[in-house]
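Inspection log for the structure reproduced underneath, given as C-alpha cells.
What follows draws every value from the coordinates through simple rules; no lab data is involved. None of these values were measured; they are calculated from a predicted model. Glycine also receives a Cβ, built like all others from the backbone with ideal geometry; neighbour counts cover every protein chain displayed.
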Amino acid sequence: SLVPAPGVTPPRALTIAGSDSGGGAGLQADLRTFACCGVHGMTAVTAVTVQNSVGVSGFTEMPADVVAAQIRAVATDIGVDAAKTGMLASTEIISAVADACDAVGIGGSDATPFVVDPVAASMHGDPLLHSDALDALRGLLFPRATLVTPNLDEVRLLVGVDVTEPSGLRKAARAVHELGPRWVLIKAGHLAGAPDCVDVLYDGSEFVELPGPRVDTAHTHGGGDTLASAITSALAHGMDLVDAVRFGKRFVLRAVRESYPLGAGVGPVSPLW
Ligand code: PLP
C-alpha cells in the first residue's frame, strides 16, 4: 500500500518546478500528486507563472542561487528519496540545479532517482523555457537524469526528430537516449488518430512498449506534470523504474478520467481523490 503508517516518516519527494497560479499544473499538481501517492512533497520553486485556465500571461524567475539553496536546504535536513524537475525557465537556473543536485547526490550514478520532465511550453503554446536554455537542458541535466519524459513536441525541439507515425517512436527514443539519461519515456499522446496510444520506454538496449487508452476530454492541463510526479512518487517508494512508469501511467489515466472543467479555458487533470 502507498498509505504510510500514522506517525511514520513517509517517502520524501522533491519537485524543482514553477508555480501555476491557476492550481492545475506545475508544482501545485506535483504536490497534490505526491500527497495522493502517500509521499511527503517538497518544493524548490524556479519561477512564478501568472496563469489561469486560458493561458500563461507571464512569469518571473527566482534567482538561480535561491533555487539551489532550496534544494540544499531540504536535502541536507529532510532528505530526498526521489526528485523531479518541471519548468526550469533559464540556463542560469538549469546550471544551478545541476550543480546543487550533484552536490547532494540527486541523479547521476547510483544516486537518488531523478526524473527530468523537459517542459518547454504550455499546452496553449506559451513558452516556459527560454529558447537559449535547450543546450543546458541537454548538456547539463539530461546526463544526470534517471528518466527523461519528453512529449513529441519536446522531442522535436530537443533532437530535431519529427515523429508522425508510431514507427518513429523508437528512433526518437534512441536520439534522446544519446543525450545521456539512463532511461527515456517518449510520450506518444500527441500522435493523432489511434484509439489507444503506445508510449515507448528505452534504456539504451531494450524497448518497453506501454499501451494506454486515449481518453476523450478537453481538460488535460497538467497531465505531463502529474505523470512525472506519480512516477517520482513510485520511485520514492522504492519501486523499480519500469514498475514506477507503469504506476505513473495508471495514475494519470485515472486523473484524466476524473479531470474537470475550470474557468473559461482548459481544466486540470490534477488528482483530488
Ligand atoms: N505551468 C507550469 C508552471 C508548468 O510547469 C506546466 C507544465 O509543466 C504548465 C504550466 C503547462 O501545463 P499544460 O501544458 O498541461 O497546460
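Annotation: amide H-H contacts under 5 Å for residue 51 (H modelled 1.01 Å from N, sequence separation of 5 or more, or interchain): 21, 22, 57. Mean-square fluctuations from a GNM of the chain, with a 10 angstrom spring cutoff on Cα atoms, peak among 77, 199, 117 at 77.
Geometric descriptor of segment 96-188, per residue, is 92 Å³ (volume of the convex hull of the Cα atoms). The gain in end-to-end length when the residue 214 to residue 196 segment is fully stretched comes to 6.0 nm, 0.36 nm per residue minus the alpha carbon separation. With a ≥ b ≥ c the root eigenvalues of the C-alpha gyration tensor of segment 1-71, is it rounded (a/c under 1.5), prolate (a/b larger than b/c) or oblate? Note, shape of segment 1-71 comes out oblate.
Compute the Cα gyration tensor for segment 141-259, then decide on rounded, prolate or oblate, letting a ≥ b ≥ c be the square roots of its eigenvalues: rounded whenever a/c is under 1.5, prolate when a/b is larger than b/c in the other cases, and oblate in all that remain. It comes out oblate by the Cα gyration axes.
Among 206, 154, 258, 61, the ranking by other beta carbons within 10 Å of each residue's beta carbon, starting with the fewest, stands as 206, 258, 61, 154.
Report the paramagnetic label zone for residue 111: residues of segment 224-238 whose backbone N is under 17 Å from a point 7 Å from Cα along the Cα-to-Cβ axis. Within reach of a label on residue 111, which here means backbone N under 17 Å from a point 7 Å along Cα→Cβ, segment 224-238 contributes 236. Between 120, 35, 47, the Cα set farthest toward the positive side of the dipole of segment 35-164 (charges on each charged residue's Cβ, about the Cα centre) is that of 35.
Charging the Cβ of each Asp and Glu at -1 and of each Lys and Arg at +1, and nothing else, the dipole of segment 12-257 about its Cα centre rounds to 560 debye. Annotation: amide H of residue 199 within the under-5 Å range of 188, 210, 212, sequence separation 5 or more or interchain, hydrogens built in the peptide plane. Site pair residue 124 and residue 57 shows an inter-label distance of 0.9 nm when each label is modelled 7 Å from Cα along Cα→Cβ. Ordering 187, 84, 171 by the number of other Cβ atoms within 10 Å of each residue's own Cβ, fewest first, gives 171, 187, 84.
Working from label points 7 Å from Cα in the Cα-to-Cβ sense, the residue 156 to residue 132 distance is 2.5 nm.
Taking every alpha carbon pair in segment 12-257, what does the distance histogram look like in 5 angstrom bins from 0, in percent? Computed distribution, short to long bins: 1, 7, 15, 20, 22, 18, 11, 4, 1, 0. Convex hull volume per residue, computed on the Cα atoms of segment 174-239, equals 118 Å³.
Per-residue Cβ neighbour counts within 10 Å put 101, 36 in the sequence 36, 101, beginning with the fewest.
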